[in-house]
């Protein structure tokens, strides 16, 4: 299948198939970067895949004090789900359990849109009648008295209905170490792209899945075509020299953001070459009939590569 | 296109109702039909032409040159555009206003911003009694928008205020934030006697005030809220922003003789 080779790395003539998702963004601020990160890490924990977690979430970027509504340092968190109602449910559970509880935190809308999701409006009753609504500067905030002092939270946040989930890149390497190195380099480059998150641990999935299983009731199971341990036994997509495969899944607020992240990740992986990094790049799809968005690797590969 | 201007020729012989001279009502009118608008409040009919000279212009920006404390109802009910009075106004300036911007370069009489719902009102001088209050017999005072008074206000500022923001850069007469329901009233100078009398909810900030014993001192960090408020205030009132973001503000909850969910912040 490889049709294109850049810097000695083969690039499959295939595409990543991605889906429409509902997404939102919030800003969490805190007195220190460490506490902002702590609240965001807690909120985006167990949020790798909607298959088992209901939502895919991650830290998009860290914000300087002059980028946040209250002039404190913060983080921007993105959350993606399959439906608006599931997104709302996950948002308010995670806000209530992970951000409201985090010392020093405050929470604001991370994007603007006509349609809104409840933010403070969903957790205000924690104040048991002592919550205070304040409207100024075109925004509405809730102030909820807590043991530490006060939790300030904007009433609503925005909703994106045209977000894209499931953009992906497969890195196939000759050793586990080289494959991991390529994936780490790609993740580092992708994290610099705005409006995307990589929901899996460290941005990387080692257990990519296929749809369905031999067992009844399982909606996803191991992607045997890419398991090196099954090479030759199953209908494999691997070459004899491939020993390890890692995947990077990308969720973005727009298809342009996902494409930009894939472009950046591919360039970073390719720069390592086939020995130090991945020997082959590929992408996961379901034949193109399930997802609206197709990201062809050959379109995203760097046109000119400095050798 | 430059502003539509009205020049006052001589002091008005009686109290006037200027609520017709607002951008949304003047839009589309010819100068001749503007001259026929009735301003009088007695049986003696007075029209615009009797008192003002008109310089035609864009009705979205109306300037009235020459004020009088007989100019009542200035900008009352306005919904858009800009109305500027170069002089002082009478009572009910900006009453029931819903949008747009009203500027009074002088003093305003009683009931300015009464029952206001939106938009911006700036008074460069002093405001009279019942700023942002209900009209006599009304149940709710100001319900939205922003009021900025560069000078001082009279008695009962923010009476029965329900929503919105009032900033008074000077002091006030007695009973500021009386019977307040919600919203924010900021008095940068000294608040008059009995601040927050029978206040239910809402926020009162004062540079100096003698609080009632029915306001109870509370503790706890409110700096995040005050930072947000200070940021919203800083473009138009750095003085109010400085008061609100101050390090040594004491917080009280009251009026405990009423619902008691209001708050008063006092600069130490």
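The values are calculated or read from the model by the stated rules, or taken from the named source; none is laboratory data. Bear in mind that the values here come from a model prediction, so they are computed numbers and not experimental data. Neighbour counts run over all protein chains shown; Cβ positions are idealised from the backbone, glycine included.
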Among the residues of region A:62-74, is any in a strand (DSSP E or B), over 27 Å from residue A:171 (Cβ atoms), away from chain B (no Cβ under 14 Å) and without any contact (Cβ under 8 Å) to a residue 60 or more places away in the chain?
yes
Take the residues of region A:91-102 that are touching a residue at least 40 places away in the same chain (Cβ under 8 Å) and touching a strand residue (DSSP E or B) at 6+ places or on another chain (Cβ under 8 Å): which is farthest from residue A:158 (Cα to Cα)?
A:102
Kindly indicate which of A:99, A:123 is within 26 Å of residue B:261 (Cβ to Cβ), surrounded by 20 or more Cβ atoms within 10 Å (Cβ to Cβ), at pLDDT 95 or above and away from every other protein chain (no Cβ under 14 Å).
A:123
Output for region A:19-32, where each listed residue is buried (at least 17 other Cβ atoms within 10 Å of the Cβ) and farther than 13 Å from residue A:164 by Cα
A:25, A:26, A:27, A:28, A:29, A:30
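Results for (1) assigned to a loop (DSSP other than H, G, I, E, B); (2) on the phi > 0 side of the Ramachandran plot, shown as yes or no for each residue.
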| site | (1), (2) |
| --- | --- |
| B:85 | no, no |
| B:92 | yes, yes |
| B:108 | yes, no |
| B:133 | yes, no |
| B:148 | no, no |
| B:170 | yes, no |
Taking the condition of being surrounded by 24 or more Cβ atoms within 10 Å (Cβ to Cβ) and either over 20 Å from residue A:48 (Cα atoms) or at pLDDT below 95 (or both), how many residues in region A:168-193 meet it?
4
Test of understanding: among A:100, A:63, A:117, which residue is closer than 26 Å to residue B:245 by Cα and either more than 18 Å from the chain's Cα centre (by Cα) or outside the structural domain of residue A:144 (by TED's automatic domain parsing) (or both)?
A:100
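From the list B:112, B:93, B:76, B:27, which residue is touching a residue at least 24 places away in the same chain (Cβ under 8 Å) and farther than 30 Å from residue A:135 by Cα? Quick ask: steps written out before the conclusion?
Numbers: B:112 fails: farther than 30 Å from residue A:135 by Cα; B:93 fails: farther than 30 Å from residue A:135 by Cα; B:76 fails: farther than 30 Å from residue A:135 by Cα.
Going through B:112, B:93, B:76, B:27 in turn, just one is touching a residue at least 24 places away in the same chain (Cβ under 8 Å) and farther than 30 Å from residue A:135 by Cα: B:27.
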Restricting the search to region A:202-238, which residues are farther than 24 Å from residue A:173 by Cβ and either without any contact (Cβ under 8 Å) to a residue 24 or more places away in the chain or not assigned by TED's automatic domain parsing to the domain that holds residue A:169 (or both)?
A:212, A:213, A:214, A:215, A:216, A:217, A:218
Selection within region A:149-198 - farther than 23 Å from residue A:80 by Cα and either without any contact (Cβ under 8 Å) to a residue 12 or more places away in the chain or within 14 Å of another protein chain (Cβ to nearest Cβ) (or both)
A:149, A:150, A:151, A:152, A:177
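Which residue is farthest from the other protein chains (Cβ to nearest Cβ), if the candidates are limited to region A:105-115 and must be touching a residue at least 12 places away in the same chain (Cβ under 8 Å) and either in contact with a helix residue (DSSP H, G or I) (Cβ under 8 Å, 6 or more places away or on another chain) or farther than 22 Å from residue A:61 by Cα (or both)?
Of all residues in region A:105-115, those touching a residue at least 12 places away in the same chain (Cβ under 8 Å) come to A:105-113, A:115.
Applying the additional criterion that residues be either in contact with a helix residue (DSSP H, G or I) (Cβ under 8 Å, 6 or more places away or on another chain) or farther than 22 Å from residue A:61 by Cα (or both) yields A:105-107, A:115.
On the way: A:105: 9, A:106: 5, A:107: 10, A:115: 23 Å.
Ranking the qualifying residues of region A:105-115, first place goes to A:115.
So which of A:11, A:27, A:50, A:59 is within 14 Å of chain B (Cβ to nearest Cβ) and either touching a residue at least 24 places away in the same chain (Cβ under 8 Å) or over 19 Å from residue A:100 (Cα atoms) (or both)?
On the way: A:11 fails: within 14 Å of chain B (Cβ to nearest Cβ); A:50 fails: within 14 Å of chain B (Cβ to nearest Cβ); A:59 fails: within 14 Å of chain B (Cβ to nearest Cβ).
After ruling out the rest, the residue left standing is A:27.
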I want to confirm something. Restricting to region B:30-67 and keeping residues that are assigned to a loop (DSSP other than H, G, I, E, B) and in contact (Cβ under 8 Å) with a residue 40 or more places away in the chain, which single residue is surrounded by the fewest Cβ atoms within 10 Å (Cβ to Cβ)?
B:56
